[in-house]
Amino acid sequence: CYLSAPKKYLREIKRFRPDYVLISCLVHNRFNVFYWSKKIKETLKGVKIIIGNHFASSKPVEILKNIPWIDYVVVGEGEKIIAKLINSMEEGNKRGLAGVCYRNGKKIIFKKNKAIVSVDDLPIPYLSIFNMDEYRFNLGGIEFLDIIPISSSRGCPMLCTFCSCRVFEGSKYRSRSVENIIDEIRQRKKDMLVGHFMFIDDTFTIDHQR
C-alpha cells in the first residue's frame with residue numbers, strides 16, 4: 001500500500017525528521033527496502049540508513065557495494081549491536097564495531113559478531129507506543145486486529161542449505177524460560193489489551209516437551 005502513495009509517506013517522514021532510519025530487509029521485500037531507502041535519503045539530507053534482518057545479514061558486503069545510499073548493515077541479532085552502533089556514531093567513533101558492515105572511504109569493513117546466548121536477558125519490547133490498528137494479520141482468511149508476535153526461542157541446529165537462519169541467528173538453539181514468556185503475555189494483555197498471540201520461532205518444534 002505504501003508504494004501506491006510514496007509522496008504521502010515521504011511527507012510524514014520529513015515531518016518527523018529522524019536522524020536514523022532502521023529498516024528490516026528480507027528476501028521478499030528487499031527491492032522495496034532499496035527503493036524506500038533511496039527516497040528517504042533524497043528527502044532528508046544527513047539521515048543515516050541502517051538495514052538488518054535475514055537478507056541483509058546474508059549479503060552485507062554486496063549490498064554496500066551496490067546500494068550506495070545505504071550507510072550500515074547490521075548483521076545478525078541486532079538488539080545490542082544497533083544500540084552500540086548509534087552510540088558510536090553519536091560519539092564519532094565506530095572502529096572495531098563487531099556485527100556492523102560499513103564503509104571506510106572506498107573500503108568496506110566487516111567483523112562478525114557472536115550470537116546472543118542468554119535471550120532471557122533481553123528486555124521485553126515496548127510495543128504499546130504503536131497504533132495496533134495499523135498492524136493487521138490475516139490468518140486463513142480471518143483478519144486479527146489484536147494479535148502480537150512472540151519469539152520464544154532463537155536459532156536452529158539443523159544444516160539446511162536453503163535457510164538463512166544460521167546466517168542471522170546462528171546454529172545454536174536458545175530458548176527463553178517459560179516464566180519469561182508468560183511475563184511477556186501478561187504485560188501485553190495489560191498494556192495493549194491483546195487477546196491473540198502468534199509464535200514466530202525459527203524452530204518451534206525442536207523440543208517437543210517444551
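The values are calculated or read from the model by the stated rules, or taken from the named source; none is laboratory data. Please read all numbers here as calculations on a predicted model, not as lab measurements. We place every Cβ from the backbone using ideal geometry, glycine too, and count neighbours over all the protein chains shown. Surface accessibility is based on the protein's heavy atoms, side chains included, excluding ligands, DNA and RNA. Shrake-Rupley method; radii C 1.70, N 1.55, O 1.52, S 1.80 Å.
Just a few scattered comments:
- Here the chain is assigned +1 on the Cβ of each Lys and Arg and -1 on the Cβ of each Asp and Glu. Its dipole about the Cα centre then comes out at about 1220 debye.
- Considering only THR43, SER171, VAL21, the residue lying farthest towards the positive end of the dipole of the chain is THR43, judged by Cα position with unit charges set on Cβ.
- Charge dipole magnitude, Cβ of K and R +1, D and E -1 - the stretch 129-184, Cα centre, debye nearest 20: 520 debye
- Placing +1 on the Cβ of every Lys and Arg and -1 on the Cβ of every Asp and Glu, with no other charges, gives the stretch 19-95 a dipole of roughly 220 debye about its Cα centre.
- Carbon and sulfur %, accessible surface of the chain computed with the full protein complex present, 1.4 Å: 55 percent
- Estimated purely from DSSP H runs of n ≥ 4, each contributing -39500 (n - 2.57), the mean residue ellipticity at 222 nm for the chain is -9500 deg cm²/dmol once divided by its residues.
- Contact order normalised by residue count of the stretch 77-210, Cα under 8 Å, 6+ apart, percent: 22 percent
- For the stretch 126-210, accessible area per residue (1.4 Å probe, heavy atoms of protein chains only), Å²: 68 Å²
- Candidates per chymotrypsin sites (Phe, Trp or Tyr not before Pro) in the stretch 60-126, loop by DSSP, up to 16 other Cβ within 10 Å: TRP69, TYR126
- Cleavage-rule hits, trypsin sites (Lys or Arg not before Pro), the stretch 6-83, DSSP coil, Cβ neighbours within 10 Å at most 10: LYS45
- The chymotrypsin sites (Phe, Trp or Tyr not before Pro) found in the stretch 151-186 that occupy coil by DSSP, while having at most 11 further C-beta atoms within 10 Å, are PHE162.
- The stretch 128-177: relative contact order as a whole-number percent, Cα under 8 Å and 6+ apart: 28 percent
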